[in-house]
Each structure stands twice: as C-alpha cells, then as structure tokens.
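Colleague: Dropping a structure here in structure tokens format, bear with me for questions.
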C-alpha cells in the first residue's frame, strides 16, 4: 500500500469509524485495568497506539510497522519501531495486550502470526485481532449481483487470494487463535454500511465514513491486487473502478461489510477485577 498524506488521512478516518462502531471503545477484550505493556501490530499512523497511551497511563505502548510514518510528538509512554511482524519477534518481553487492526494485504501466514502473538502474550493477557471483511452483503435483496460494490468486492477478494494475502482471512481468526492455544476465544461481528443508506443517524454516519474510505482508498489497494493477480494496468484498474464509484453513491443499494473482532486469553492467572475494563474515549483514566 502506498503511504502518503491521503492514505494517512484515510487510516485516521477508519480509526474514527471503528471507534464509533465499538461504542467509543478501542477494543473489546476484558484486559486488566492497569496493563503494563501493550503492543500494536501494523500501527500505521499510530493513532490507536497514541489513544491507548492516553487512556492507559500505566502502560508502555509500543507500535510497530514497516513504514516509519508515525508522528514525532506522542505521549511519553508511547513509542514506535520499524519491524516486520512476520519475522521472528525479538522484543525480549511479553505483553499484557497485543492488538492488530486491518492487516489488509499484509500477512502471508496468519497462523504463524497468531502463534507469535500467543508466545509473546503474558499469561492471563489478551490478543485481539480486528479487521474489515470486504465481502459485500445485502439483507433486503436491494442489491443485484452485478452492482458495482458487489462486483468490486468479489474481484478484489479473489485477487488477494491469488496474490497470496487473502482478504477473507478474518473469517479464520477464531480458528487460528484456538489453534495457537488461546482460551475463551470470542468473535464479534459488526455491520458497516458501504454508504449512508441507513435511516438511523449513527449507522448513516458509519456508512458515510466507509463510503469515503472506499472512494479514497480503492485505487491504492486495487492497483496492487489487480496488477499482481491479473496483470492489469493502472488504466484497466481505474476503468473497472468506475462502476463501483458510481454505484456506491446510490442509496437504493443497501450493501454492507462486516467488521470482525476476535480476542482470546492466554492461559494463566488473571489479575482480580480484570473484566469490563475497556476504556471509552472521552472517559480516559476513569
């Protein structure tokens, strides 16, 4: 994925979308109230790690990514490192909470990554994986099979599998976590409209944000997927995207994606009072 100002803006937009989706929370796992070490895999712009450092001042928050695109001015308990998380981990310590979100077009071997998470999670600690599943759904038959968002979603998911980093892998998160040895593995799925078609104000806003993300980011992730899988040129890709860009604005089509959150606990003793400790934004430190 190209990393430029436009992509950084899109990452921050998605952060706002997901935070709204989770009820103004950054995660769902019932972590201990005063975690000491938190790891954010594929931290991107670093916005999740920064918010976690603000919310959990007891913790040292480490964000890692292949690209050094994070800001210089961050909370004193937050820092960033360049790292490839598919290589052997060399952090030299375990983490009370490991988080990864929207690892799209990034991971070739998910079971290996989850195994690394398990090995580096403190006993009693949690790992949580969050990711958009870009398969278009419709519950009321308003969207035909040849609608632009549906065609685009199917094509890009197929291309990702041919290229080796399947966008459909979030459906397997629960299995990978159980295989690794995590206990109490929980999967939660949310609906994200692909445009502002819902009548409910909050859901309409979620859809508007996702539509903006699609319009803003489709070229970037499609170029990589389609060139690798199909040998398409940039012109061929942009021509294919025209229908999606048109149809995504049509509120007659009630399409949505799913956002999958899966978390599990490493066997061991939990600190008393660990449940229900996810901090809502706007209520930091309470």
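A short reminder: the numbers here are calculations on the coordinates, not readings from a lab. Worth saying up front: this structure is predicted, and the values here are computed from it rather than measured. Every residue, glycine as well, gets a Cβ built from its backbone with ideal geometry; the counts of neighbours run over all protein chains shown.
Colleague: I'd like the orientation of helix 5-21 relative to the chain: the angle between its Cα long axis and the longest Cα principal axis, in ° from 0 to 90, rounded to 10.
Modeller: Once rounded, the angle reads 70 degrees.
Colleague: Any idea what angle helix 148-163 forms with the longest principal axis of the chain, computed on alpha-carbon atoms, 0 to 90 degrees, nearest 10?
Modeller: Here the helix axis deviates by roughly 60 degrees.
Colleague: Place a label point 7 angstrom from the Cα of residue 190 along the Cα-to-Cβ direction, then list the residues of the range 243-263 whose backbone nitrogen is under 16 Å away.
Modeller: Residues 256-263 fall inside that zone.
Colleague: Could you check which residue among 21, 209, 66 shows the biggest mean-square fluctuation in a GNM of the chain with a 10 Å Cα cutoff?
Modeller: 66
Colleague: Hey, another quick one. With the cut-off at 1.5 for a/c, could you classify the range 32-122 from its C-alpha gyration tensor as rounded, prolate or oblate?
Modeller: The shape class here is oblate.
Colleague: I've got another one for you. For each of 127, 235, count neighbouring Cβ atoms within 10 Å of the residue's Cβ, then give the residues from fewest to most.
Modeller: 235, 127
Colleague: What FRET efficiency do you get for residue 201 and residue 72 if R0 is 41 Å and r is their Cβ-Cβ distance, rounded to the nearest 0.05?
Modeller: The pair residue 201/residue 72 has a calculated efficiency of 0.65.
Colleague: Next question. Between 92, 63, 44, find the one with the highest GNM mean-square fluctuation for the chain; connect C-alpha pairs within less than 10 Å.
Modeller: For the chain, modelled as a Gaussian network with Cα springs under 10 Å, the answer is 92.
Colleague: Step by step: find N for the range 68-193, compute 2.2 N^0.38 Å, then divide the Cα radius of gyration by it. What's the final number?
Modeller: Taking the Cα Rg and dividing by 2.2 N^0.38 Å, one obtains 1.26.
Colleague: Percent antiparallel among DSSP beta bridges with both residues in the range 5-265, to the nearest 5?
Modeller: Percentage antiparallel, nearest 5: 45.
Colleague: Using the Kirkwood formula on the Cα atoms of the range 16-70, what hydrodynamic radius do you get, in angstrom to one decimal?
Modeller: Taking the inverse mean of 1/r over all distinct Cα pairs, the range 16-70 comes out at 11.9 Å.
Colleague: Testing the spin-label approximation: label points 7 Å from Cα along Cα→Cβ at residue 84 and residue 34. State their distance in nm.
Modeller: 4.0
Colleague: How high is the FRET efficiency between residue 227 and residue 9 when r is their beta carbon distance and R₀ equals 25 Å, given to the nearest 0.05?
Modeller: In this case the efficiency is close to 0.55.
Colleague: Right, here's the next one. For the chain, what number results from the quotient of the Cα radius of gyration and 2.2 N^0.38 Å?
Modeller: Here the Cα radius of gyration is 1.00 times the empirical estimate.
Colleague: Counting pairs of alpha carbon atoms under 8 Å apart in space and at least six apart in sequence, what relative contact order in percent does the chain give?
Modeller: RCO, the chain: 26 percent.
Colleague: Right, next: Please arrange 110, 73 by counting, for each residue, the other beta carbons lying within 10 Å of its beta carbon, fewest first.
Modeller: Ascending Cβ contact count within 10 Å gives the list 73, 110.
Colleague: While we're here: Would the range 150-260 count as rounded, prolate or oblate if I go by the C-alpha gyration tensor, calling it rounded below 1.5 in a/c and otherwise prolate when a/b exceeds b/c, oblate otherwise?
Modeller: oblate
Colleague: Roughly how tilted is helix 234-247, in degrees to the nearest 10 and between 0 and 90, from the longest Cα axis of the chain?
Modeller: Helix 234-247 sits at roughly 90 degrees to that axis.
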